Amino acid sequence: MKILSIGAHFDDIELHASATLLKLQAEKGAELYSIVCTNGLLGGGAGVENRRNEQNAANELLGIKESFYLNFADVTLLHTYSLVNPIDEILMKIKPDMIFSHSENDINNDHIAVAKAAKSVNRRFMSHLYGFPASDPKVKDSMNLYVDVTKYFKKKLEILKCFTSQQYRDIFDTDFLEVQHSSFIKGRYVERFNADFMYWK
């Protein structure tokens with residue numbers, strides 16, 4: 001099984017799907033690949049090189065076999081050929097069974113553009129496609145798949161610590177993450193997705 005995750009920015013994949021990816025790797029033997037579309041220049045003043053190094057450290061902990069950096073400028077992504085074509089070329093190379101990326105139900109322009117691009121490139125492969133929830137709490141939750149990641153949640157927190165320049169943000173706070181990932185069953189944690197093409201098996 002091959003899984004391709006596509007994030008608009010550094011840390012998008014890890015915030016929303018890293019525990020599920022760890023689970024699929026451990027329980028299904030999945031090979032993990034990733035694409036980061038932007039260069040992180042506007043990521044809190046940390047600088048492109050530092051953001052890339054943080055991502056590489058997270059990739060190592062997550063077990064990413066190969067990661068691709070497209071180096072678009074932050075806040076400039078559009079659902080056009082210039083974004084779709086390089087993702088399409090990577091998809092042709094990997095031929096993933098599953099794709100994790102953003103959901104169109106978002107208010108971040110970069111996220112929306114990547115969500116649309118993920119759908120576009122999947123037209124020939126029809127991989128299982130799973131969308132991340134929006135980070136902004138103002139967006140109504142449209143997730144329809146809840147993956148139990150209790151066994152992998154602690155490792156997810158460890159992975160997120162790799163993004164040292166981002167620890168000032170509320171969404172990296174451990175207490176916030178525990179609440180955000182809490183399930184209906186006390187002491188259990190989930191990651192949520194919009195499975196808008198095929199459902200989890």
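The values are calculated or read from the model by the stated rules, or taken from the named source; none is laboratory data. The model shown is predicted, which means the values in this text are computed figures rather than measured ones. So basically every Cβ, Gly included, is an ideal-geometry build from the backbone, and we count neighbours across all protein chains shown. Just so you know, the surface numbers come from the protein's heavy atoms only, side chains and all, with ligands and any DNA or RNA stripped out. Shrake-Rupley method; radii C 1.70, N 1.55, O 1.52, S 1.80 Å.
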Just wondering, is there one or more residues in the stretch 176-199 that are among the acidic types (Asp, Glu) and open to solvent by less than 20 Å² (accessible area, probe 1.4 Å)?
yes
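Yes/no per residue for (1) farther than 23 Å from Tyr189 by Cβ; (2) of a type in the set (S, T, N, Q); (3) touching a Ser or Thr at 6+ places or on another chain (Cβ under 8 Å):
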{"residue": "Glu14", "(1), (2), (3)": "no, no, no"}
{"residue": "Ala19", "(1), (2), (3)": "no, no, no"}
{"residue": "Glu27", "(1), (2), (3)": "no, no, no"}
{"residue": "Ile35", "(1), (2), (3)": "yes, no, yes"}
{"residue": "Asn39", "(1), (2), (3)": "yes, yes, no"}
{"residue": "Asn53", "(1), (2), (3)": "yes, yes, no"}
{"residue": "Lys65", "(1), (2), (3)": "yes, no, no"}
{"residue": "Tyr69", "(1), (2), (3)": "yes, no, no"}
Out of (1) surrounded by fewer than 22 Cβ atoms within 10 Å (Cβ to Cβ); (2) closer than 28 Å to Asn53 by Cβ, the odd one out for Phe125 is which?
(2)
In the stretch 11-56, which residues are of a type in the set (Asp, Glu), closer than 19 Å to Tyr152 by Cβ and crowded, with 16+ Cβ neighbours inside 10 Å?
Asp11, Asp12, Glu14, Glu31
Of the residues Gly29, Gly40, which is free of Cβ contacts under 8 Å to residues at least 40 places away in the same chain, of a type in the set (Gly, Ala, Ser) and in contact with a helix residue (DSSP H, G or I) (Cβ under 6 Å, 6 or more places away or on another chain)?
Gly40
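Yes/no per residue for (1) modelled with pLDDT of 95 or more; (2) among the aliphatic types (A, V, I, L, M):
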site	(1), (2)
Leu70	yes, yes
Val75	no, yes
Asp88	yes, no
Ala118	yes, yes
Ser127	no, no
So, in the stretch 69-88, how many residues would count as being in a loop (DSSP other than H, G, I, E, B) and either within 16 Å of Ile13 (Cβ to Cβ) or touching a residue at least 40 places away in the same chain (Cβ under 8 Å) (or both)?
3
